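The values are calculated or read from the model by the stated rules, or taken from the named source; none is laboratory data. Everything numeric in this text was worked out from a predicted model, so none of it was measured. Virtual Cβ from ideal backbone geometry, glycine too; neighbours counted across all protein chains shown. All accessible areas refer to the heavy atoms of the entire protein, side chains included, with ligands and DNA or RNA removed. Shrake-Rupley method; radii C 1.70, N 1.55, O 1.52, S 1.80 Å.
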Amino acid sequence: MVTLGEILIELNAVTSGPLRHVNYFEKHVAGSEANYCVAFVRLGNNCVYIGRVGRDEFGHNAIEWLRGKGVNVDHVKFDDNPTGIFFVQRDYPVPLHSESIYYRKGSAGSRLSPEDVDENLVRGGDLVHSTGITLAISSSARDSVFKAFSLNGNRSFDTNIRLKLWTPEEARTTIMKLLKDYPVKYLITDVDDSRILVGESDPDRASAILREYAEVVVMKQGPKGASLYHDGGKYFSPGYSVPVEDVTGAGDALGGTFLSLVMSGFSMEKALDYAIVSSTLNVMIRGDQENLPGLSEIEAFLKEMDKK
């Protein structure tokens, strides 16, 4: 998989509550496409990342971390602008909810440009992937996604609408243009994003519309689980009840695991079942990538669940 986006440094509050009263934070490497890459690699496949990081300590941290996880970062450039960061506030004002506070405007990652997109690399990939976040962070990053999607017909897209980065109208116009111009093989979305994009939050009705632009739709439904739509059929995989520490990155864990297993030859239904486990493990800790499981860990989880 070839993916392009922004690598971020996440500063996750060690304690719950408003950040004004938090004194300690944990540092993690994050960013949706980076999370996808690590999940993809953990299940035995290769991922190449296209992007930019700052020529700063956080940028070096991100590169070394992802390389250590097995992600190919040879196409990540160093930029004079700083690496973007965000803070995670947990359980305030909504219990079991995490809020991201971004400090990324003008970041190195937002300076991703079409010139960074290696045409031969993208054309040679088995899959090219990006998200709505990359469309939102700058016009040059948006143009990079459009260019990459024009080069390879095997496309995957996670809508990942972040209303702190753009308005609902901007998100709907840009994402729907991308999907109309370059229909995707795999579309990963959720009920909130679907309401913005097609005016429907009912999973079945929203997916019926979105299937015009995608062969396969995965509709995330939070702790309830996720639904899969393809070839005129529907499959639902339920979630699990576990202690929740931080939900940041859970959708990326699901999406990256699903894509990797499908690319490995798993049925889409089994891939979704396993992806739900990956997402479940993710919410139990702080950090987006540290709890991403391999195949044996997923199967150990499922074996234990079968006993209950």
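Is the stretch 146-164 home to any residue that is of a type in the set (D, E, K, R), part of a helix (DSSP H, G or I) and under 19 Å from the mean Cα position of the chain (by Cα)? Within the stretch 146-164, not a single residue is of a type in the set (D, E, K, R), part of a helix (DSSP H, G or I) and under 19 Å from the mean Cα position of the chain (by Cα). Restricting attention to the stretch 119-139, which residues are in contact (Cβ under 8 Å) with a residue 40 or more places away in the chain and under 18 Å from I7 (Cα atoms)? Correct list: V128, H129, S130, T131, G132, I133, T134, L135, I137. Residues of the stretch 140-154 that are open to solvent by less than 30 Å² (accessible area, probe 1.4 Å) and without any contact (Cβ under 8 Å) to a residue 60 or more places away in the chain: F149 alone. The residues in the stretch 7-38 that are over 13 Å from D288 (Cβ atoms) and part of a loop (DSSP other than H, G, I, E, B) can be counted, and the count is 8. Taken as a whole, the stretch 115-138 holds no residue that is hydroxyl-bearing (S, T, Y), touching a strand residue (DSSP E or B) at 6+ places or on another chain (Cβ under 6 Å), modelled with pLDDT of 95 or more and over 24 Å from E212 (Cα atoms).
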